[in-house]
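The values are calculated or read from the model by the stated rules, or taken from the named source; none is laboratory data. Computed from a predicted structure; not experimentally measured. For neighbour counting, all protein chains shown are included, and Cβ atoms are generated from backbone atoms with ideal geometry for every residue, glycine included.
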Amino acid sequence: MSLVNSFIRRITFNAKHRSVVVSNSETTHDQISATRTLPPLPVEIWLKIFRLCLGPSLSNPRQTSLHAYSKFVFLSDGETARAYLKKEQTRTVLSLVCRAWHTISKDLDDALQISLLDEFDWPPHRSRGQAKVIHYLQKEPLSYLFDNPVEEYRQSHIPHQQGPRLQDETIQLGNEHPLAPITAVVDYDIWIPPNYTPAQPIQAFRWSPCQIPFVDSPNQLCHPVFSSLVALSLVLFYPPSHPDTYKGIALPELRFLEVVLLESRLLVSSITEGTVSTWQFPRLSIVRVHARENADAKTELRTLVRTHAHQIEELQISDLGDAFPTQYDWHTLCVLRLIVFHSLDQMGDALSSMDTRQLSVATGLSRPHGQVETTRKRLTMSLQYPREDIQSRSAALQKFDACREILHNFNFAVARTWQDLRESFQAVKLYHNESTLEDLRETLALMERLKLDFVDPDGYSFHSEARYFKNEIEDYIRRIGSASA
């Protein structure tokens, strides 16, 4: 990657300084011609070089991992805007080198559009129908930690005398508010005309309804426009306002599913079973689920996971209760290669529930005396965010010690890169209280004591990178203590 960037910088530098070469009276015609032509590479090779230089696409809904969906498809609105702006700045420089590069780079625009349903969409000068990625928001993305290009643009262009916008609770998706291949709708309920057909099939959809849910909104997912979805991220209120609201959703192409169930504060139906647990996704392989507070919501999500267990390859769970995973769950999760936990204590519970016989899977090869050859199944256990209090640290240590004999059968990881964790900490440390920092330090100390190498998605180990993160936290806690003394 560094070689590619160096190569791009060298050619860009030469192009920017072409006038210096031409103005030299001793320069031959052949030398001038050489500066005006690209190296003789096919366009396909240049496209690959440009993609390496720009980084992964933000408009590709077909990812292969939890990490990729989190980082490139279902980012927060503010993160998406910042990532797009950074890529566009690089792409603009490349497009100015020569006409050929301008043509090549034009096709690599992720074509993001962020709309608050007024005339001040960001970035400007693009119609919503041209977008490959579009976000419909009730309010501007949060920006108290990082620069926010959407907020900066709107503040500089919206007249100060303009009053507050009238906000509807429902957005009608269609000609005025079209669906792009990747679409996000935040804090709106949705309604789609029965005969609406998008210009391009929608393949990834992120949706969190408004806090006063419209009864029939989730049933809109049964609309034909969603039949080609490969990725779906939902934040829903539970229990639903009507027992049939969440029933009957079946998406034949869906591969990635994220479901977060929040506690509903409305007067709701007493029927809470047979809702999300009835969903059917025959090609589902990557799942992230989370439930807060409501025990019935946890039960529904556990049933949803168990229904699709035989096909799930990557799974992230949090707050599903002590009833998951059981020994039987480990048996049915037969193709699982990655499972992500919310805490080390939860990871210890999962290890304790595993039967060592489930660490081997049949290869189908016959051996003498009628035996079937088996191979070890390497499962990666990953941690979403290192945060453990002192009480759970002690319990987790006991659980890991009890499973010491089987730990060598697993790979251990963190779901975010160590560099990303460090940068997030540096950005938000002023907003952390001392207790939160202590919990973070306790987790890193526990990971060190377990003597397990927790590797991040970039391949960096705990021992090579995380110690810097741990030292930064300890130094900051000491400074807080000194300042308060």
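Worth pointing out:
- Checked against the criterion of being in a helix (DSSP H, G or I) and farther than 15 Å from Val186 by Cβ, the candidates Glu79, Glu119, Glu88 yield just one match: Glu88.
- Tally of residues being touching a helix residue (DSSP H, G or I) at 6+ places or on another chain (Cβ under 8 Å) and either of a type outside the set (A, V, I, L, M, F, W, C) or touching a residue at least 60 places away in the same chain (Cβ under 8 Å) (or both) across the range 309-346: 17
- Only one entry of Arg288, Arg265, Arg302 meets the criterion of being modelled with pLDDT under 95 and not in a loop (DSSP other than H, G, I, E, B), and that entry is Arg302.
- For Leu236: the one exception among (1) in a strand (DSSP E or B); (2) at pLDDT 90 or above: (2)
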